[in-house]
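K.L.:
Sharing a structure below in structure tokens format, with a few things to ask.
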Amino acid sequence: MCGIVGYVGYREAIPVIIKGLKRLEYRGYDSAGVAVLNGALQVCKKAGKVAELETELAGRNLHGTMGMGHTRWATHGLPNDTNAHPHVSSSTNLAIIHNGIIENYAALRAELEGRGHRFISDTDTEVLINLIEDIQQKEGLDLEKALPIALSQVIGAYAIVIISQDEPNRLYAARKSSPLVIGLGKGEFFLASDATPIIEYTRNVVYLNDEEVAVVNRNGEMSIRTIDNKRITPYVQELQMKLETIEKGGYEHFMLKEIYEQPRSITDSLRGRIGLGDQSIHLRGIQEFEAKFVAARRIIVVACGTSWHAGLVAEYLFEDYARIPVEVEYASEFRYRNPILDEHDIVIAISQSGETADTLAAIELAKSRGATIYGICNVVGSSISRATDAGSYTHAGPEIGVASTKAFTAQITIVTLMALAIARAKGTISESRYHFILDELQRIPAQIEMLLQSDSLIRDIAEEFVDVRNFLYLGRGYNFPVALEGALKLKEISYIHAEGYPAAEMKHGPIALIDEHMPVVVLATNPSAYDKIVSNIQEVKARKGRIIAIVAEDDKVIRQLADFTVVIPKTEESLTPLLSVVPLQLLAYHIAVMRGCNVDQPRNLAKSVTVE
Ligand code: G6P
């Protein structure tokens with residue numbers, strides 16, 4: 001949600017900023033804008049895509065070696081030109097871009113209006129820049145002094161960059177609960193919501209922490225202070241990300257590329273984590289907290305969206321292998337309940353971006369009750385990865401498509417390793433099953449490679465269903481979360497209404513919807529529930545529903561009953577989600593492409609949900 005880019009140095013700022021905004025497009029947005037300082041402040045902003053902003057810029061003569069740009073995901077006010085960022089203060093001396101929400105903006109705005117400030121937009125951001133200016137004017141302070149005072153009056157979340165006409169060599173930045181990275185070049189600085197706009201210029205970065213204010217100067221100086229004025233020594237990290245991982249590399253869409261990357265991303269997630277010889281699992285966080293996991297009476301998983309579905313798979317795995325009860329919570333619900341938890345509990349937070357506001361808040365709540373927090377994140381250095389006591393990165397590589405694919409299978413890979421490691425330490429899994437599952441897990445990448453050969457078959461199936469209005473997905477056991485994930489993928493990118501259900505629950509509601517217009521995707525790969533699934537399919541067929549079945553290689557019965565069948569390679573039942581989800585990702589992808597949808601940036605959705 002909302003993308004931020006800032007630049008000060010010796011290059012023309014606009015091309016750096018526009019390229020950076022394009023890199024951040026994946027986060028989800030509905031308008032874009034830039035500002036440069038070259039004597040005077042010049043601002044250009046537009047509803048719609050960055051491409052439309054570029055067209056607008058082509059007719060304007062904006063130059064300068066210091067500037068900033070923003071992609072806005074509307075919260076306060078419509079996504080129009082006026083509400084787009086940057087916003088300028090009443091005197092036009094200051095300009096700001098902002099990611100986050102100022103929750104007490106209404107009270108602040110009323111107060112400022114009372115003192116004669118006039119607002120042209122509906123945004124909370126315009127309130128913030130005028131609050132800063134008001135403090136400057138009232139107290140006679142420069143921006144460096146006024147900014148922390150203003151930020152200490154703000155309730156909510158922010159990552160901001162500010163330009164002042166009085167200071168042509170300095171960019172100001174601050175963050176609280178929304179990400180901000182500073183890239184350190186030679187004689188230049190880059191500011192961005194994540195590292196993707198920065199990596200082609202420099203690998204040296206500093207991740208700003210909550211309630212820190214940074215000032216970067218064209219002369220190469222950088223200072224960071226907390227909002228209560230403590231000087232911070234910046235921790236410079238080296239980026240490991242490769243440029244090609246954030247480019248489409250010949251694929252039509254990032255989502256398709258990421259689906260095809262799954263053999264590699266699972267291999268990367270396993271790399272170095274299974275020891276030779278006794279095949280012991282090396283996950284540093286688990287080794288460090290092994291005693292705690294072994295003694296755990298229960299585990300609570302907090303997550304949102306696709307990561308929540310990975311949490312459901314984790315529930316089955318931990319209970320099956322390690323005999324630990326698991327509760328899987330929507331982070332947004334958990335944070336506002338009064339959950340019963342204490343220092344004996346382990347909370348696992350799963351998040352691709354590591355920035356999801358609700359998941360972060362759930363972590364803070366669990367921490368305040370003394371629980372141990374384990375993070376599973378994909379983005380290195382992200383807020384969640386830094387807020388947890390221990391954790392494991394998924395190593396899926398940057399995921400750009402808004403609909404999560406390779407991050408999901410990487411998350412399942414990690415929770416499988418975790419559950420196996422704990423089960424072995426607890427003695428709840430036999431050595432033979434442990435080794436068998438690990439061997440099968442290491443075969444998964446090659447099996448996905450085979451499965452991807454069904455792509456054209458899945459495209460043909462997609463063609464049959466391009467115009468339907470509803471879809472039902474059914475699964476049991478390990479494949480129930482996959483049914484939910486398949487339905488989520490389809491609705492996210494094709495805008496077809498889809499529901500996932502435990503197969504046996506169908507008769508308690510969704511069966512009423514079934515007729516010849518209702519396609520039903522059935523995940524029928526679990527040997528343990530095979531006969532039951534056959535009965536569910538019969539129930540759908542009896543009502544003229546059309547069946548797309550995902551079956552295992554040795555299936556005999558279901559392929560006779562189904563209208564369409566996709567075969568997945570045979571594996572241990574607990575690992576089937578890693579395979580069965582792939583055809584569902586492809587099905588959603590092809591249907592969405594055929595419907596002319598913007599697959600990588602579906603309407604209204606954001607990749608990184610940094611507001612609640
Ligand atoms: C958004 C994204 C989803 C993602 C969810 C949770 O809704 O569009 O793809 O699953 O957020 O995000 P996280 O980064 O915490 O996994």
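The values are calculated or read from the model by the stated rules, or taken from the named source; none is laboratory data. Fair warning: this is a prediction, and the values are worked out from it, not measured in the lab. For neighbour counting, all protein chains shown are included, and Cβ atoms are generated from backbone atoms with ideal geometry for every residue, glycine included.
K.L.:
If I filter region 303-348 down to residues being out of contact with any strand residue (DSSP E or B) (no Cβ under 9 Å at 6 or more places or on another chain) and among the aromatic types (Phe, Trp, Tyr), which single residue comes out as nearest to VAL402 (Cα to Cα)?
P.N.:
Among them, the one singled out is TYR336.
K.L.:
Only one residue in GLN287, GLN279 is assigned to a helix (DSSP H, G or I), touching a helix residue (DSSP H, G or I) at 6+ places or on another chain (Cβ under 9 Å) and more than 16 Å from the ligand (Cβ to nearest atom). Which one?
P.N.:
It is GLN287.
K.L.:
State whether one or more residues within region 403-411 are of a type in the set (S, T, N, Q), in a helix (DSSP H, G or I) and more than 16 Å from the ligand (Cβ to nearest atom).
P.N.:
No, there is no match, as no residue in region 403-411 is of a type in the set (S, T, N, Q), in a helix (DSSP H, G or I) and more than 16 Å from the ligand (Cβ to nearest atom).
K.L.:
Being over 17 Å from the mean Cα position of the chain (by Cα) and either among the aromatic types (Phe, Trp, Tyr) or surrounded by 20 or more Cβ atoms within 10 Å (Cβ to Cβ) (or both) narrows it down to one of ALA371, ALA349, so name that one.
P.N.:
Just a single option satisfies the conditions, and that option is ALA371.
K.L.:
Any idea which of (1) within 16 Å of the ligand (Cβ to nearest atom); (2) under 18 Å from ALA387 (Cα atoms); (3) outside any loop (DSSP other than H, G, I, E, B) is the one GLU329 doesn't satisfy?
P.N.:
Here GLU329 meets the rest and fails (2).
K.L.:
If ILE155 satisfies all but one of (1) under 23 Å from LEU37 (Cα atoms); (2) modelled with pLDDT under 95, what's the number of the condition it fails?
P.N.:
Here ILE155 meets the rest and fails (1).
K.L.:
How many residues are at negative phi and away from the ligand (no atom under 13 Å from the Cβ) when one looks only at region 344-378?
P.N.:
Here the count works out to 14.
K.L.:
If you don't mind, another one. Restricting to region 488-505, give me the number of residues that are within 24 Å of LEU586 (Cβ to Cβ), part of a helix (DSSP H, G or I) and touching a residue at least 24 places away in the same chain (Cβ under 8 Å).
P.N.:
Adding up the residues that qualify gives 7.
K.L.:
A further question on this structure: Among the residues of region 349-369, which ones are more than 22 Å from ALA403 (Cα to Cα) and not charged (D, E, K, R)?
P.N.:
Within region 349-369, ALA361, ALA362, ILE363, LEU365, ALA366, SER368 meet the criteria.
K.L.:
Would you check which residues across region 137-177 are β-branched (Val, Ile, Thr) and within 20 Å of GLY67 (Cβ to Cβ) and list them?
P.N.:
ILE160, VAL161, ILE162, ILE163
K.L.:
Among the residues of region 35-44, which ones are crowded, with 20+ Cβ neighbours inside 10 Å and either under 25 Å from the mean Cα position of the chain (by Cα) or free of Cβ contacts under 8 Å to residues at least 40 places away in the same chain (or both)?
P.N.:
VAL36, CYS44
K.L.:
Is it the case, given these coordinates, that ALA349 is aliphatic (A, V, I, L, M) and not in a strand (DSSP E or B)?
P.N.:
So ALA349 fails the test.
K.L.:
Under the condition of being more than 14 Å from the ligand (Cβ to nearest atom) and at negative phi, which residue from region 379-397 is modelled with the lowest pLDDT?
P.N.:
Taking the candidates together, the pick is ARG386.
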